[in-house]
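**Q** So that we are looking at the same thing, I have put the structure below in structure tokens.
The values are calculated or read from the model by the stated rules, or taken from the named source; none is laboratory data. What you see is a predicted model, and the numbers here were worked out from it, not measured in a lab. Positions of Cβ are backbone-derived with ideal geometry, glycine not excepted, and every protein chain shown enters the neighbour counts. Please note that ligands, DNA and RNA were not included when accessible areas were found on the heavy atoms of the full protein model with its side chains. Shrake-Rupley method; radii C 1.70, N 1.55, O 1.52, S 1.80 Å.
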Amino acid sequence: MIRIRLGKRKYVGNGGEKTPLHPFLVRQLTGWDPTMTEQDVYDAARGWWKLSERAEREQYAVIVGDGVVRMVVQIGEWATNGDRRGFAGILLQPGQPIHDALIGSDDPAPTTSRNPVAYFRHELEAGICRCGCNEPVPSGDWVQGHDQRALHQLVNDDFGGSVSRFLDWYEELPAAED
Ligand SMILES: [Zn+2]
């Protein structure tokens with residue numbers, strides 16, 4: 001799942017976007033506050049985010065406002081705008097297990113990073129291969145061999161297919177804070 005953390009509500013109008021106007025996503029507001037309608041929150045959450053191709057293998061976007069899950073979107077389609085990606089989908093409703101497990105709960109992917117986007121695996125996703133192929137797995141996270149495929153896909157998508165570049169990037173990551 002992708003967690004998207006919304007900041008404070010801000011009016012952007014149609015022209016206030018950092019990204020070029022694009023019919024896939026026209027919105028008036030970014031961020032979150034309790035006065036926003038469901039449609040406002042949905043549009044704010046969609047945004048044009050800096051996401052790699054990896055994002056397109058995720059099936060759910062979990063929208064966090066003020067530290068609490070406000071909305072879960074089952075992602076149906078993607079669009080790109082410059083170097084950014086946007087999604088559209090349908091809102092999960094009460095009675096659906098993932099909705100009921102997440103709505104109102106704390107940020108499921110708490111990080112100290114300023115990046116509003118984080119990835120996490122929810123227990124209700126167990127049983128389905130993580131690579132996005134949707135094949136069932138009796139135990140673990142991957143259909144046999146699909147973990148290798150996912151790793152190579154990431155290197156291809158984000159590192160121009162160069163394992164060396166991937167390793168160099170990994171070595172330079174700051175150590176996680178305690
Ligand atoms: Zn798979």
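**Q** Can you give the FRET efficiency for residue 101 and residue 147, using 1/(1 + (r/R0)^6), R0 = 22 Å, r = Cβ-Cβ distance, to the nearest 0.05?
**A** 0.30
**Q** How large is ³J(HN,Hα), in whole Hz, for each residue of region 136-150 in order, when computed from phi with the Karplus curve 6.51 cos²θ - 1.76 cosθ + 1.60 and θ = phi - 60°, using x for Gly and Pro?
**A** x, 10, x, 8, x, 10, 9, 5, 3, x, 6, 5, 5, 4, 5
**Q** Apply the Karplus parameterisation 6.51 cos²θ - 1.76 cosθ + 1.60, with θ equal to phi minus 60°, to every residue of region 58-66 and state each ³J(HN,Hα) to the nearest whole Hz, in sequence, with x for glycine and proline.
**A** 8, 9, 9, 10, 10, 9, 10, x, 6
**Q** As a check on your grasp of the helix formula, calculate [θ] at 222 nm for the chain: sum -39500 (n - 2.57) over DSSP H runs of n ≥ 4, divide by the residue count, round to the nearest 500.
**A** Calculated at 222 nm, the ellipticity per residue is -6000 deg cm²/dmol.
**Q** Which whole-Hz couplings ³J(HN,Hα) result when phi for each residue of region 96-107 is put into the Karplus expression 6.51 cos²θ - 1.76 cosθ + 1.60, θ = phi - 60°, listed in order with x for Gly and Pro?
**A** Coupling constants for region 96-107: 7, x, 5, 4, 5, 6, 10, 4, x, 8, 5, 2 Hz.
**Q** Ok, one more. So what's the gap between the Cα centers of region 27-69 and region 148-173, to the nearest angstrom?
**A** One Cα centre to the other: 27 Å.
**Q** Further question: Once amide H atoms are built 1.01 Å from N in the peptide plane, which residues 5 or more positions from residue 12, or in another chain, come under 5 Å H to H?
**A** HN-HN under 5 Å from residue 12: 29, 30.
**Q** Taking all protein chains in place and a 1.4 Å probe, what share, in percent, of the accessible surface of region 51-135 do carbon and sulfur account for?
**A** Heavy-atom surface of region 51-135 belonging to carbon and sulfur, 1.4 Å probe: 44 percent.
**Q** Can you work out the FRET efficiency for the pair residue 22 and residue 66, with r the C-beta to C-beta distance and R0 = 35 Å, to the nearest 0.05?
**A** With a Förster radius of 35 Å, E is 0.80.
**Q** Here's a follow-up. Only Cα pairs within less than 10 Å get springs; with that Gaussian network setup on the chain, which residue of 27, 165, 46 has the largest fluctuation?
**A** Looking only at 27, 165, 46, the largest GNM fluctuation is found for 165.
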